[in-house]
Amino acid sequence: MREGVESPNDEAPVESARRQRTRERLVDAAYEVFAELGVHAASVEQISERAGFTRGAFYSNFESKEELFFALESRENQLRLDRLEAGLQTVSPSLLDAAGRYTEGSLEALIRAFLELQPDDRRWCLVQSEFRMLAMRDSGVAARYLQHQESAGRQLAAWLDQAAGLAHVRFTIPTPDIANIVVALYESAIQTAVLMDPDGDEGSPRELAMRTLPAIVRALTEAVDD
(Lines give C-alpha, C1' and ligand atoms only; values in the text may rest on other atoms or scores of the structure.)
Protein backbone atom coordinates (compact mmCIF):
# COMPACT_ATOMS: atom_id res chain seq x y z
CA MET A 1 0.00 0.00 0.00
CA ARG A 2 1.30 3.48 -0.90
CA GLU A 3 2.54 5.60 2.01
CA GLY A 4 -0.02 8.12 3.18
CA VAL A 5 -2.99 6.15 1.88
CA GLU A 6 -5.30 5.17 4.75
CA SER A 7 -6.48 1.60 4.82
CA PRO A 8 -10.18 0.96 5.44
CA ASN A 9 -9.04 -1.34 8.26
CA ASP A 10 -7.28 1.53 10.08
CA GLU A 11 -10.58 2.39 11.77
CA ALA A 12 -11.11 -1.18 13.01
CA PRO A 13 -9.01 -0.82 16.21
CA VAL A 14 -10.85 2.41 17.05
CA GLU A 15 -14.22 0.74 16.53
CA SER A 16 -13.12 -2.29 18.53
CA ALA A 17 -11.97 -0.13 21.46
CA ARG A 18 -15.23 1.84 21.38
CA ARG A 19 -17.24 -1.38 21.34
CA GLN A 20 -15.25 -2.73 24.27
CA ARG A 21 -15.92 0.42 26.29
CA THR A 22 -19.63 0.14 25.51
CA ARG A 23 -19.69 -3.48 26.64
CA GLU A 24 -17.83 -2.62 29.85
CA ARG A 25 -20.30 0.15 30.67
CA LEU A 26 -23.19 -2.22 30.10
CA VAL A 27 -21.57 -4.86 32.32
CA ASP A 28 -20.94 -2.26 35.06
CA ALA A 29 -24.54 -1.07 34.83
CA ALA A 30 -25.86 -4.62 34.90
CA TYR A 31 -23.91 -5.34 38.08
CA GLU A 32 -25.49 -2.33 39.77
CA VAL A 33 -29.04 -3.03 38.56
CA PHE A 34 -28.84 -6.77 39.26
CA ALA A 35 -27.69 -6.04 42.81
CA GLU A 36 -30.40 -3.44 43.40
CA LEU A 37 -33.40 -5.12 41.76
CA GLY A 38 -32.42 -8.74 41.27
CA VAL A 39 -31.46 -10.55 38.08
CA HIS A 40 -35.01 -11.60 37.24
CA ALA A 41 -36.60 -8.20 37.89
CA ALA A 42 -33.92 -6.16 36.13
CA SER A 43 -34.91 -5.22 32.58
CA VAL A 44 -32.81 -4.58 29.50
CA GLU A 45 -34.21 -1.05 29.42
CA GLN A 46 -33.11 -0.34 33.00
CA ILE A 47 -29.62 -1.66 32.37
CA SER A 48 -29.29 0.31 29.13
CA GLU A 49 -30.52 3.51 30.77
CA ARG A 50 -28.11 3.09 33.69
CA ALA A 51 -25.24 2.69 31.22
CA GLY A 52 -26.38 5.72 29.22
CA PHE A 53 -27.33 3.77 26.10
CA THR A 54 -30.43 2.79 24.17
CA ARG A 55 -32.03 -0.63 23.99
CA GLY A 56 -30.60 -0.90 20.49
CA ALA A 57 -27.07 -0.40 21.80
CA PHE A 58 -27.67 -3.22 24.26
CA TYR A 59 -28.75 -5.68 21.59
CA SER A 60 -25.89 -4.72 19.31
CA ASN A 61 -23.53 -6.00 22.03
CA PHE A 62 -25.46 -8.75 23.84
CA GLU A 63 -28.12 -11.15 22.65
CA SER A 64 -29.87 -11.33 26.01
CA LYS A 65 -29.75 -10.39 29.67
CA GLU A 66 -28.39 -13.89 30.38
CA GLU A 67 -25.48 -13.37 27.99
CA LEU A 68 -24.71 -10.10 29.76
CA PHE A 69 -24.64 -11.92 33.09
CA PHE A 70 -22.15 -14.45 31.75
CA ALA A 71 -19.91 -11.58 30.63
CA LEU A 72 -20.16 -10.16 34.14
CA GLU A 73 -19.42 -13.55 35.71
CA SER A 74 -16.37 -14.08 33.50
CA ARG A 75 -15.02 -10.70 34.48
CA GLU A 76 -15.60 -11.22 38.21
CA ASN A 77 -14.10 -14.72 38.19
CA GLN A 78 -11.04 -13.51 36.30
CA LEU A 79 -10.60 -10.64 38.76
CA ARG A 80 -10.44 -13.10 41.64
CA LEU A 81 -8.10 -15.47 39.81
CA ASP A 82 -5.78 -12.59 38.89
CA ARG A 83 -5.64 -11.64 42.58
CA LEU A 84 -4.75 -15.23 43.43
CA GLU A 85 -1.85 -15.22 41.00
CA ALA A 86 -0.64 -11.83 42.20
CA GLY A 87 -0.85 -13.04 45.78
CA LEU A 88 1.15 -16.15 45.01
CA GLN A 89 3.96 -14.06 43.55
CA THR A 90 3.87 -11.52 46.38
CA VAL A 91 3.45 -13.77 49.41
CA SER A 92 5.43 -16.87 48.53
CA PRO A 93 8.94 -15.33 48.93
CA SER A 94 8.11 -14.35 52.52
CA LEU A 95 7.47 -18.01 53.39
CA LEU A 96 11.05 -19.13 52.74
CA ASP A 97 13.28 -20.04 55.66
CA ALA A 98 16.99 -19.22 55.93
CA ALA A 99 17.83 -22.27 53.81
CA GLY A 100 15.53 -21.12 51.04
CA ARG A 101 12.87 -23.76 51.75
CA TYR A 102 9.19 -23.20 52.34
CA THR A 103 8.30 -23.41 56.00
CA GLU A 104 5.75 -25.66 57.66
CA GLY A 105 2.36 -24.01 57.39
CA SER A 106 3.17 -22.37 54.05
CA LEU A 107 0.00 -23.69 52.45
CA GLU A 108 -2.18 -22.27 55.22
CA ALA A 109 -0.40 -18.94 54.83
CA LEU A 110 -1.06 -18.94 51.10
CA ILE A 111 -4.74 -19.76 51.66
CA ARG A 112 -4.98 -16.91 54.16
CA ALA A 113 -3.33 -14.61 51.62
CA PHE A 114 -5.92 -15.77 49.07
CA LEU A 115 -8.70 -14.80 51.47
CA GLU A 116 -7.13 -11.43 52.29
CA LEU A 117 -6.87 -10.59 48.61
CA GLN A 118 -10.54 -11.25 47.88
CA PRO A 119 -13.03 -8.38 47.89
CA ASP A 120 -15.98 -8.27 50.26
CA ASP A 121 -18.29 -10.28 48.00
CA ARG A 122 -21.68 -9.49 49.52
CA ARG A 123 -23.05 -7.81 46.41
CA TRP A 124 -21.65 -10.49 44.12
CA CYS A 125 -23.14 -13.15 46.40
CA LEU A 126 -26.61 -11.67 45.96
CA VAL A 127 -26.30 -11.47 42.18
CA GLN A 128 -24.75 -14.89 41.70
CA SER A 129 -27.14 -16.64 44.10
CA GLU A 130 -30.16 -15.34 42.22
CA PHE A 131 -28.69 -16.25 38.85
CA ARG A 132 -27.88 -19.75 40.13
CA MET A 133 -31.54 -20.13 41.04
CA LEU A 134 -32.49 -18.98 37.54
CA ALA A 135 -30.12 -21.56 36.07
CA MET A 136 -31.66 -24.28 38.25
CA ARG A 137 -35.06 -23.47 36.73
CA ASP A 138 -33.87 -23.13 33.11
CA SER A 139 -31.96 -26.05 31.57
CA GLY A 140 -30.70 -23.88 28.72
CA VAL A 141 -29.11 -21.41 31.12
CA ALA A 142 -27.93 -24.23 33.40
CA ALA A 143 -25.67 -25.82 30.79
CA ARG A 144 -23.78 -22.62 30.13
CA TYR A 145 -23.69 -21.73 33.82
CA LEU A 146 -22.05 -25.06 34.63
CA GLN A 147 -19.49 -24.51 31.87
CA HIS A 148 -18.48 -21.19 33.40
CA GLN A 149 -18.29 -22.72 36.88
CA GLU A 150 -16.18 -25.63 35.66
CA SER A 151 -13.80 -23.30 33.84
CA ALA A 152 -13.27 -21.19 36.97
CA GLY A 153 -12.88 -24.37 39.03
CA ARG A 154 -10.12 -25.66 36.74
CA GLN A 155 -8.20 -22.42 37.09
CA LEU A 156 -8.57 -22.45 40.87
CA ALA A 157 -7.43 -26.09 40.96
CA ALA A 158 -4.31 -25.17 38.99
CA TRP A 159 -3.55 -22.40 41.50
CA LEU A 160 -4.03 -24.83 44.41
CA ASP A 161 -1.68 -27.35 42.82
CA GLN A 162 0.91 -24.61 42.42
CA ALA A 163 0.47 -23.50 46.04
CA ALA A 164 0.72 -27.09 47.29
CA GLY A 165 3.89 -27.60 45.28
CA LEU A 166 5.49 -24.57 46.90
CA ALA A 167 4.58 -25.94 50.33
CA HIS A 168 6.02 -29.39 49.49
CA VAL A 169 2.68 -31.15 50.00
CA ARG A 170 0.14 -32.86 47.78
CA PHE A 171 -3.58 -33.23 48.12
CA THR A 172 -5.02 -36.56 49.25
CA ILE A 173 -8.09 -36.16 47.03
CA PRO A 174 -8.28 -34.82 43.46
CA THR A 175 -7.48 -31.11 43.27
CA PRO A 176 -10.74 -30.24 41.44
CA ASP A 177 -12.56 -31.60 44.49
CA ILE A 178 -10.40 -29.41 46.73
CA ALA A 179 -11.32 -26.43 44.54
CA ASN A 180 -15.02 -27.27 44.96
CA ILE A 181 -14.57 -27.43 48.74
CA VAL A 182 -12.79 -24.07 48.80
CA VAL A 183 -15.52 -22.42 46.72
CA ALA A 184 -18.34 -24.00 48.73
CA LEU A 185 -16.86 -22.99 52.08
CA TYR A 186 -16.11 -19.46 50.94
CA GLU A 187 -19.56 -18.99 49.42
CA SER A 188 -21.11 -20.34 52.62
CA ALA A 189 -19.10 -17.78 54.61
CA ILE A 190 -20.32 -14.98 52.34
CA GLN A 191 -23.95 -16.09 52.69
CA THR A 192 -23.62 -16.31 56.46
CA ALA A 193 -22.05 -12.84 56.58
CA VAL A 194 -24.93 -11.42 54.52
CA LEU A 195 -27.54 -13.10 56.73
CA MET A 196 -25.86 -11.95 59.94
CA ASP A 197 -25.11 -8.44 58.76
CA PRO A 198 -26.90 -7.40 55.53
CA ASP A 199 -25.41 -3.90 55.58
CA GLY A 200 -21.85 -5.11 56.03
CA ASP A 201 -21.19 -2.98 59.09
CA GLU A 202 -19.59 -5.75 61.13
CA GLY A 203 -17.23 -8.56 60.21
CA SER A 204 -16.54 -9.84 56.74
CA PRO A 205 -16.87 -13.09 54.76
CA ARG A 206 -13.10 -13.57 54.77
CA GLU A 207 -13.02 -13.46 58.57
CA LEU A 208 -15.60 -16.25 58.76
CA ALA A 209 -13.77 -18.32 56.13
CA MET A 210 -10.42 -17.75 57.84
CA ARG A 211 -11.61 -19.70 60.87
CA THR A 212 -11.86 -23.01 59.03
CA LEU A 213 -10.75 -22.92 55.39
CA PRO A 214 -6.92 -22.95 55.79
CA ALA A 215 -7.04 -25.78 58.34
CA ILE A 216 -9.45 -27.86 56.25
CA VAL A 217 -7.32 -27.51 53.11
CA ARG A 218 -4.18 -28.40 55.08
CA ALA A 219 -5.88 -31.48 56.58
CA LEU A 220 -6.43 -32.79 53.03
CA THR A 221 -2.72 -32.81 52.21
CA GLU A 222 0.28 -35.03 52.89
CA ALA A 223 3.98 -34.29 52.79
CA VAL A 224 5.94 -34.93 49.62
CA ASP A 225 9.21 -36.78 50.13
CA ASP A 226 12.17 -34.88 48.69
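The values are calculated or read from the model by the stated rules, or taken from the named source; none is laboratory data. The shown structure was predicted, so the numbers you read here are calculated from the model rather than taken from an experiment. Reconstructed Cβ throughout: ideal geometry from the backbone, glycine too, with neighbour counts over all protein chains shown. The accessibility values were calculated without ligands, DNA or RNA, using every heavy atom of the protein model including side chains. Shrake-Rupley method; radii C 1.70, N 1.55, O 1.52, S 1.80 Å.
Would you mind finding the one in ARG206, ARG132 that is among the charged types (D, E, K, R) and modelled with pLDDT of 85 or more?
It is ARG132.
Are any residues in the range 51-64 surrounded by fewer than 17 Cβ atoms within 10 Å (Cβ to Cβ) and in contact (Cβ under 8 Å) with a residue 24 or more places away in the chain, and if so, which ones?
Within the range 51-64, GLY52, ALA57 qualify.
Give the residues of the range 12-30 that are out of contact with any Leu (no Cβ under 6 Å at 6 or more places or on another chain), open to solvent by less than 50 Å² (accessible area, probe 1.4 Å), at pLDDT 90 or above and not β-branched (Val, Ile, Thr), sorted by residue number.
Result: LEU26, ALA29.
Checking the condition open to solvent by 80 Å² or more (accessible area, probe 1.4 Å), modelled with pLDDT under 95 and out of contact with any strand residue (DSSP E or B) (no Cβ under 8 Å at 6 or more places or on another chain), which residue from GLU73, GLU36 passes?
Of GLU73, GLU36, the one residue that is open to solvent by 80 Å² or more (accessible area, probe 1.4 Å), modelled with pLDDT under 95 and out of contact with any strand residue (DSSP E or B) (no Cβ under 8 Å at 6 or more places or on another chain) is GLU36.
Given the options SER43, SER48, name the one that is surrounded by 17 or more Cβ atoms within 10 Å (Cβ to Cβ), hydroxyl-bearing (Ser, Thr, Tyr) and modelled with pLDDT of 85 or more.
Going through SER43, SER48 in turn, the sole match is SER48.
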